[in-house]
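Below is one structure; the comments refer to it alone.
The values are calculated or read from the model by the stated rules, or taken from the named source; none is laboratory data. Just so it is clear, the structure is predicted and the values come from calculations on it, not from any experiment. Every residue, glycine among them, receives a Cβ derived from its backbone with ideal geometry; neighbour counts consider all protein chains shown.
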Amino acid sequence: LTSFRSCGHGRLECVVYLVGPVDSPETITNAVHPVHASSARHYEVDGAWLTQFWLDLRADRTTVKTQVHTHGGRASHSKRDDDGALVYRPGFLSLVLPGFGLDDNCLDGAFLAELDDEGIWQEVALTERLQWT
Ligand SMILES: [Zn+2]
């Protein structure tokens with residue numbers, strides 16, 4: 001939420017990647033805020049940054065488990081979100097937070113999508129897939 005607020009300033013979309021060890025599929029250890037451009041309705045991650053990110057992940061034996069990004073209004077998984085996800089691996093999660101992530105309770109209105117085995121994004125309940133400790 002700190003990244004969303006300091007980067008998005010309540011008027012721009014923002015994105016963070018939740019990263020964890022390859023050998024521990026259910027563990028997230030880090031939130032990485034990429035270099036990106038954004039507007040009130042979209043974001044675009046810097047290509048050079050992304051290339052280095054993939055190399056760093058490989059070197060660290062880590063992987064992206066979930067992408068999290070904000071929408072200005074209500075949370076949903078738009079066609080652009082469907083087509084512009086970072087990873088297309090069955091089980092990959094994409095969490096969308098409403099209101100640019102400004103509200104401390106923004107998870108209440110969040111939308112979680114999971115890529116299924118057919119390559120289709122399906123809405124799933126947060127409590128089924130994510131747990132904060
Ligand atoms: Zn950002």
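For region 43-78, a tally of residues being under 13 Å from the mean Cα position of the chain (by Cα) and within 19 Å of LEU102 (Cα to Cα) returns 9. When region 37-77 is limited to residues that are of a type in the set (A, V, I, L, M) and closer than 21 Å to LEU95 by Cβ, the one that is farthest from the ligand (Cβ to nearest atom) turns out to be LEU57.
Residue-by-condition table, conditions (1) surrounded by 15 or more Cβ atoms within 10 Å (Cβ to Cβ); (2) of a type in the set (Phe, Trp, Tyr); (3) at pLDDT below 95; (4) under 19 Å from SER3 (Cα atoms):
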site: LEU57; (1), (2), (3), (4): yes, no, no, no
site: VAL64; (1), (2), (3), (4): yes, no, no, yes
site: GLN67; (1), (2), (3), (4): yes, no, no, yes
site: HIS77; (1), (2), (3), (4): yes, no, yes, no
site: ASP83; (1), (2), (3), (4): no, no, yes, no
site: ASP104; (1), (2), (3), (4): no, no, yes, yes
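Could you tell me which residue of region 14-36 is farthest from HIS69 (Cα to Cα), considering only residues that are touching a Gly at 6+ places or on another chain (Cβ under 7 Å) and either within 16 Å of the ligand (Cβ to nearest atom) or not hydrophobic (A, V, I, L, M, F, W, C) (or both)?
Our first condition is that a residue be touching a Gly at 6+ places or on another chain (Cβ under 7 Å); within region 14-36, this holds for 14, 27-29.
When the remaining residues are screened for being either within 16 Å of the ligand (Cβ to nearest atom) or not hydrophobic (A, V, I, L, M, F, W, C) (or both), the result is 14, 27, 29.
Details: CYS14: 6, THR27: 19, THR29: 18 Å.
Residue satisfying both the conditions and the ranking: THR27.
For LEU12, state whether it is assigned to a helix (DSSP H, G or I), aliphatic (A, V, I, L, M) and surrounded by 11 or more Cβ atoms within 10 Å (Cβ to Cβ). For LEU12, the condition - assigned to a helix (DSSP H, G or I), aliphatic (A, V, I, L, M) and surrounded by 11 or more Cβ atoms within 10 Å (Cβ to Cβ) - is not met.
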